[in-house]
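Peer 1: If you scroll down you'll find the structure; I have some questions about it.
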Amino acid sequence: MSRLTVVRRPPELDLVDLATKAAAPLTLEALRGQFGSAEEFSAAFGRARSAGWVRVEGGPPPIVRVVDSAGPRTLSSLLVSISAGTTKEALPTDQSKLVADLLKRGVLSKAEARTTSVAITEAGKEAATFSADVNLIDKLTPEVIAARTWRGRQMRPIDVEAKAPRFAPGRRHPVRDFIREVRETYISMGFTEVQGRSVHPGFWNFDALFIPQDHPSREMQDTFYLEGLSDKKLTRTGVVANVAATHESGWKTGSKGWGYHWSIDEARRLVLRTHNTVLTVRALSESKEKETRVFAVSKVYRNENLDYKHLAEFYQMDGIMVGEGLNVRHLMGFLTEFYKKLGMSEVKLWPTYFPYTEPSLEVVGFSKAVNAWIELSGSGVFRPEVTLPLGVRVPVLAWGPGIERLMLMRYGLDDMRALYGDDLTWLRERRELAGS
Amino acid sequence: MPVVRIDISRFSKMVGANKKKLIDRLPYIGLDIEGIEKDSVRVEYSPNRPDFGTDFGIARAMKGLLGKDAGLPRFATSPSRISISYDRRLSSVRPFIACATATGLDLDDEDIRQVISLQEDLHNGLGRRRKVVAIGLHDMDAIKPPLSYTAVASSFKFVPLGGNRELSIRSILDGSDEGRAYGGALAGSKLFPVITDSRGTVLSFPPIINGDVTKVTSKTKNVFIDVTSTDQKAGDDVLAVLATTLAEAGGKLGTVSIAYPNPRVTPDLEPRKIPLDASLVRSVLGMNLSQAEIVKSLARSRIGVQGKYALGPRYRIDLLHPVDLAEEVGLGYGMDRIGPIYPPSKRPGSFDRFEDFLDSASTVMAGSGMIEMMTFELTDEKCLYSNFGRPSSEKVAVHNPKSLEHSVLRDALIPTLMASLSKNVKSDYPQRIFEIGRVYSKARGEVSESWHLACLVAHSQSSFTEAKMFLESVCRIMAGKEASATAGQHWAFSPGRCAVAKVAKSELGHVGEVRPEVIDAFGLGVPVSGFEFDLTRLYELLK
């Protein structure tokens, strides 16, 4: 059964009313003045004229004359009858076209009504008498508790199997939780956490790590340089001079160097860090400690188009270990243990290349999901060309793993964008501690 | 990183080992397996090892590792009787040239494909897209020596490779794909380098294109190589890699007399001497290897030993320092035979206090019923500025971003949180979200960074009071102090519905109802209120 409601009075009825009730025939202009807006008037006038209720005569100025009063009356009485509760089905069939038109215009609205009869069953009758039992408590209230009227009574049983309303608790981001886990893992292995800025002069991001100034990774298509900004305070003195000389000819490091003319301007350009080793190296260069373990979990930035395995900003968890007698076997030992703690029990170390480490090792872990070895981290022993210019004379082990791949494995996802896709439903409903 | 395709049956024959063994060992010479197909393997190699640019070079290393052909490879050369004169005007255009010949070659299609792929990789890597180094390979039998490396004007004409008529240097630079791609190396020059033979035939117009007359075909048996560069060392390195690869492919190498900078003969394929410091090797690897084990391991990495020196083959351009020999010993010995040792820590670790502060802010906010978001720090101007109707004059932009969606560093968290709300209009309301993130601002040519906390509350009843309630509770819990509010203004919030939040009289941020224009610009249909404040400042305040 369709119940109709009059939402608003059609403006053409107002127009006919005004024109009919006027003492003398109204001019078009005068009639327009009676309406709130020009749009409202032209809608009303357009409808009244096309329905053949009014006509414009004579002029100038033209006057509006009502030529059909039966039409408006039919419409009025229809609206009155609907307001009185007549359903769509109960209206005369010859008016159905008019009703459809009024529904379309929004003059009327329609609600489907359904009548359902409910009868109390025997069980219901019994429950009704049961609940009336004064020995049962419907709801425990402060009054009941204070007056201790619960004594000797029981709670009325309710349907405990019915669904409760759905609730979405507040939650930390899964990446933050994972970072917390990584930080705790590092701390448990004796590491000190450092943090720092995202923006650094190219000197600390590249030159200090013996990355030559024309190295492809320094080009704009890979690295974000800040537009029109450079660190003018950086001068070729102290550590900077040592690093520059090392690039050019090896300085006192025993290296041949890269053999090119080093430029301070290139070193001054501000970049969004491309790895977090920039943070651990700066910490090392400031502290010059002979024995220390330092880590940073923070964002790095690369000029990338986003796809399932590339993001323009993502997290890395870089660390360094400094100490007399440390060697590549300790690097292997640390990384194996570190990944075991993070849930990757099967890792291998393959030789690879980075400009700043020698030897360089790549950590790969076996992923059951893709049935293959996947890259987890670069690592290595810092070259003398990196450590000596900073004044560090003991071995430094370094590594720079990403966190996203481990997280994807944990959550069974295959697209890095999903981690940062701000999908509220996933963030609300994802399983806590998935995969761990 | 560059990729080489290895045909398994061809490679097995070269090395004398089966597929399984090869695939198992490839990573242990530093190659990344990119993909395995039925008949082939694709491997990625690092640009410091351009000698891995063909299966010839990889086979050479693999034979060493497997002990099938260990020790320093030697490359014999004999004079080719070709000489090349030098036009000194080129010293400011493209100063260096080095050449070699390889004769008696019998290359099949796969050989040619490998060599061309190497040439491309050298152009892109060491050659820096031909800007620093460019290579020309020519049919030696089409050349009549002596040759000249000479400077010509832009009107000079010749038939370029693949062409059927003469074109001027200018029209090649402006009108051909190669000219447009590589012409930058000659930008601003009025003189252009060409290599010609005694009849005036043009071999090459480096670094753009070769001449057509000397083009290499499958019938070519004798090859002439020219390498021009702006850096003599880089040019000589490239020639060494290419010449030794052609020698592996069966060519006999010939030398060429070069007139500049001093009269010299190229290629110079003499091994490079590096001091062998056995104690350094032992301490880096943590292995107490005997001298004999070190020598044997180096041999498996194709490195010779002579007295106190190691001899690195000329194509190994990556041996800069005695420490590089440690890795070579490790590789030859087998990295998987070097056992890990876990170094226990002598000191306890410690969290960074500020990172802990940020982490606990997240716990407090989540406890208030909010969902934590992590949006990107790099966003676009529309999200950050135009949707709020504010000027972008102080924006911190990155140079040449690949995507405009990640082109400006945010100075506040509310914009990217608004974008998050607009991506989640189909999710259930009420939506209460927050973010703890880094923001950037620029003043007097310097960029400063700080950490903010922002929250947005979106639902039909969202109000200033609700936002203020959350702000006050998080301040109370994080700071142990009550926050105060005075009427204020902020670009995200409606005038009259915005307050400045202060703790201990220090201004920390703003709270308010988001302006309807902004809600509309982000395509949202419900009222949004929220706050944003400076966590770095709050932390400093508490110290």
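Laboratory data are not the source of any read-out in this text; all were calculated from the coordinates shown. All values reported here derive from a predicted model rather than from experimental measurement. Reconstructed Cβ throughout: ideal geometry from the backbone, glycine too, with neighbour counts over all protein chains shown.
Peer 1: I'd like the distance between the alpha-carbon centres of the stretch B:1-54 and the stretch A:290-344, rounded to an integer number of Å.
Peer 2: The stretch B:1-54 and the stretch A:290-344 have Cα centres separated by 27 Å.
Peer 1: I would also like to ask the following. Counting partner chain Cβ atoms within 10 Å of every residue's Cβ in A:184-193, what's the average? Please report the intermediate quantities before stating the final value.
Peer 2: Working: counts 2, 1, 2, 5, 3, 5, 8, 6, 6, 8.
Taking the mean over all residues of the peptide, I get 5.
Peer 1: Which of the aspartates and glutamates could a cross-linker span from B:K481 if the Cα-Cα distance has to be under 20 Å and same-chain partners fewer than 8 positions apart are dropped?
Peer 2: Output for B:K481: B:D356, B:D359, B:E466, B:E472, B:E507, B:E532, B:D534, B:E540.
Peer 1: With θ set to phi - 60° and the Karplus curve 6.51 cos²θ - 1.76 cosθ + 1.60, what are the ³J(HN,Hα) couplings of the stretch A:168-182 in order, to the nearest whole Hz, using x for Gly and Pro?
Peer 2: Running phi through 6.51 cos²θ - 1.76 cosθ + 1.60 with θ = phi - 60° gives 10, x, x, 8, 6, 6, x, 5, 5, 4, 5, 4, 4, 5, 5 Hz.
Peer 1: When all C-alpha to C-alpha distances in the stretch B:3-65 are sorted into bins of 5 Å, what percent of pairs does each bin hold, rounded to whole numbers?
Peer 2: Pair shares across the bins are 4, 20, 37, 29, 9, 1.
Peer 1: Mind giving me the nanometre distance, one decimal, between the label points for A:S81 and A:K233, set 7 Å out from Cα along Cα→Cβ?
Peer 2: For the pair A:S81/A:K233, the computed spacing is 8.7 nm.
Peer 1: Can you pull the one-decimal nm distance between simple spin-label points at B:A292 and A:T74, each 7 Å off the Cα toward Cβ?
Peer 2: 11.8 nm
Peer 1: A follow-up question, please. Would you work out the relative contact order for chain A, in percent, from Cα pairs under 8 angstrom that are 6 or more residues apart? The partial results should precede the final answer.
Peer 2: Details: 637 pairs, mean separation 53.0, N = 436.
The normalised contact order for chain A reaches 12 percent.
Peer 1: If you don't mind, another one. The stretch B:122-199: which trypsin sites (Lys or Arg not before Pro) are DSSP loop and have at most 13 other beta-carbon atoms within 10 angstrom? List each step's numbers first, then the result.
Peer 2: On the way: sites: B:R128, B:R129, B:R130, B:K131, B:K157, B:R165, B:R170, B:R180, B:K190, B:R199; in loops: B:R128, B:R129, B:R130, B:K131, B:R165, B:K190, B:R199.
Filter output for the stretch B:122-199: B:R165, B:K190, B:R199.
Peer 1: Between A:Y260 and A:M220, what FRET efficiency comes out of the Förster formula 1/(1 + (r/R0)^6) with R0 = 22 Å and r the beta carbon distance, rounded to 0.05? Intermediate values should be presented prior to the final figure.
Peer 2: Details: r = 19 Å, r/R0 = 0.87.
Between A:M220 and A:Y260 the formula returns 0.70.
Peer 1: To continue, here is another question. With 10 angstrom as the radius, rank B:F75, B:F388 by how many other C-beta atoms surround their C-beta, starting from the fewest. List each step's numbers first, then the result.
Peer 2: Working: B:F75 18, B:F388 22.
Lowest to highest Cβ neighbour count: B:F75, B:F388.
Peer 1: Next up: From the residues B:L242, B:S189, B:I225, which one has its Cα farthest along the dipole of the stretch B:77-266 in the positive direction, the dipole being from +1 and -1 charges on Cβ of Lys/Arg and Asp/Glu about the Cα centre?
Peer 2: The Cα lying farthest towards the positive end belongs to B:S189.
Peer 1: Across peptide A:420-433, how many C-beta atoms of other chains are within 10 Å of each residue C-beta, on average? If you can, show how the numbers build up before the last one.
Peer 2: Numbers: counts 4, 4, 15, 4, 12, 4, 1, 8, 5, 0, 0, 0, 0, 0.
Across A:420-433, the average partner-chain Cβ count within 10 Å equals 4.
Peer 1: With point charges of +1 on the Cβ of Lys and Arg and -1 on the Cβ of Asp and Glu, referenced to the Cα centre of chain A, which listed residue (A:T223, A:L306, A:T352) lies farthest in the positive direction of the dipole?
Peer 2: A:L306
Peer 1: In addition: In chain A, what percentage of the DSSP-assigned beta bridges are antiparallel, given to the nearest 5? Walk me through the intermediate numbers first.
Peer 2: Details: 53 of 57 bridges.
That works out to approximately 95 percent antiparallel.
Peer 1: Just how many pairs of Lys in the stretch A:62-220 have C-alpha atoms closer than 23 Å, counting pairs that are eight or more places apart or on different chains?
Peer 2: On the way: A:K88/A:K97; A:K88/A:K104; A:K88/A:K110; A:K97/A:K110; A:K125/A:K139; A:K139/A:K163.
Taking the stretch A:62-220 as the scope, the lysine pair count is 6.
Peer 1: Something else about it: Quick one: what are the phi-derived ³J(HN,Hα) couplings along the stretch B:317-331, Karplus 6.51/-1.76/1.60 with θ = phi - 60°, whole Hz, x for glycine and proline?
Peer 2: With the stated coefficients, the stretch B:317-331 comes to 8, 9, 8, 9, 8, x, 5, 5, 6, 4, 5, 5, 5, x, 5 Hz.
Peer 1: Relative contact order for chain B: what percent, with Cα pairs under 8 Å and sequence separation of 6 or more?
Peer 2: 12 percent
Peer 1: Across the residues of A:223-235, average count of Cβ atoms on other protein chains within 10 Å? Spell out each step's value before the answer.
Peer 2: Values: counts 3, 10, 3, 8, 10, 5, 7, 1, 3, 2, 1, 0, 0.
For this peptide, the per-residue mean of nearby foreign Cβ atoms is 4.
Peer 1: In whole angstrom, note down how far apart the Cα centers of the stretch A:365-394 and the stretch B:86-128 are.
Peer 2: 33 Å
Peer 1: Just tell me which lysines come within less than 28 Å, Cα to Cα, of A:K348; anything on the same chain fewer than 8 places away is out.
Peer 2: Within the straight-line cut-off, A:K348 pairs with A:K299, A:K309, A:K340, A:K368, B:K19, B:K20, B:K21, B:K38, B:K63, B:K68, B:K296, B:K346.
Peer 1: While we're here: Using only the alpha-carbon atoms of chain A, report the extent along each of the three principal axes, biggest first, to the nearest angstrom.
Peer 2: The Cα atoms of chain A stretch 110, 87, 48 Å along the principal axes, largest first.
Peer 1: If you count the DSSP beta bridges with both ends in the protein assembly as shown, what percent of them are antiparallel, to the nearest 5? Write down the numbers at each step before the final one.
Peer 2: Values: 144 of 161 bridges.
Percent antiparallel among DSSP bridges in the protein assembly as shown is about 90.
Peer 1: On a full-extension model of 0.36 nm per residue, what is the gain between A:E122 and A:A372, subtracting their alpha-carbon distance, rounded to one decimal in nm? Don't skip to the answer; put the middle values down first.
Peer 2: On the way: separation 250, 0.36 × 250 = 90.00 nm, distance 6.56 nm.
So the extension gain works out to 83.4 nm.
Peer 1: Stokes-Einstein at 25 °C, 0.890 mPa s, Kirkwood radius from Cα pairs: D for the protein assembly as shown in µm² s⁻¹? Before the final figure, lay out each step's value.
Peer 2: Values: Rh = 34.7 Å.
Reported coefficient: 71 µm²/s.
Peer 1: Continuing with the same structure: Answer with one residue from B:L542, B:I97, B:A299: the one whose Cα lies farthest towards the positive end of the charge dipole of the protein assembly as shown, charges on Cβ with Lys, Arg +1 and Asp, Glu -1.
Peer 2: So the residue furthest toward the plus end is B:A299.
Peer 1: If you don't mind, there's one more thing I want to ask. Under a straight-distance cross-link criterion of Cα-Cα below 13 Å, which aspartates and glutamates are reachable from B:K308, leaving out those fewer than 8 residues away in the same chain?
Peer 2: Straight-distance partners of B:K308: B:D277.
Peer 1: Along Cα→Cβ, 7 Å out, is where each label goes; now give me the distance between the ones at B:S460 and B:E381 in nm to one decimal.
Peer 2: 3.9 nm
Peer 1: Right, something else. So what are the three principal axis dimensions of the stretch B:353-542 from its Cα atoms, in whole Å, longest to shortest?
Peer 2: Principal-axis extents of the Cα atoms in the stretch B:353-542, largest first: 45, 39, 29 Å.
Peer 1: Could you let me know the centre-to-centre spacing of the stretch B:488-543 and the stretch A:151-185, using Cα atoms, in angstrom?
Peer 2: 30 Å
Peer 1: Here is a follow-up. Take every DSSP beta bridge with both residues inside chain B and express the antiparallel ones as a percent of the total, to the nearest 5. Can you show the working numbers first?
Peer 2: On the way: 90 of 101 bridges.
Taking every DSSP beta bridge with both residues in chain B, the antiparallel ones total about 90 percent.
Peer 1: What's the ranking of B:360-366, B:287-293 by average number of surrounding C-beta atoms within 10 Å, highest first? Each step should come with its number before you reach the end.
Peer 2: Details: B:360-366: 19.1, B:287-293: 12.9.
Most protected by this proxy first, the peptides run B:360-366, B:287-293.
Peer 1: Only Lys, Arg, Asp and Glu count, each charged at its Cβ (+1, +1, -1, -1), so figure out the dipole size of the stretch A:174-429 about its Cα centre, rounded to 20 debye.
Peer 2: Numbers: 31 positive and 33 negative charges, 136 e Å.
Value, rounded to 20: 660 debye.
Peer 1: Any number yet on Rg/Rh for the stretch B:39-96, C-alpha, Kirkwood? Present the calculation step by step, with values, prior to reporting the outcome.
Peer 2: Values: Rg = 18.4 Å, Rh = 15.5 Å.
Looking at the stretch B:39-96, the ratio lands at 1.19.
Peer 1: Now for a different question. Suppose every K and R has +1 on its Cβ and every D and E has -1 on its Cβ; what is the size of the dipole of chain B about the Cα centre, in Debye to the nearest 20?
Peer 2: Computed about the Cα centre, the dipole is about 1420 debye.
Peer 1: A further question on this structure: Can you pull out the GluC sites (Glu not before Pro) in the stretch A:360-436 whose DSSP state is coil and whose Cβ has at most 14 other Cβ atoms within 10 Å? Numbers along the way, then the final one.
Peer 2: Details: sites: A:E362, A:E375, A:E385, A:E404, A:E429, A:E432; in loops: A:E432.
Hits after loop and neighbour filter: A:E432.
Peer 1: If r is the Cβ-Cβ distance from B:D109 to B:N18 and R0 is 25 Å, what FRET efficiency results, to the nearest 0.05?
Peer 2: On the way: r = 24 Å, r/R0 = 0.98.
Efficiency, rounded to the nearest 0.05: 0.55.
Peer 1: Would you mind listing how long chain B runs along its three principal axes, going by Cα atoms, in whole Å with the largest first?
Peer 2: Result, largest extent first: 91, 66, 46 Å.
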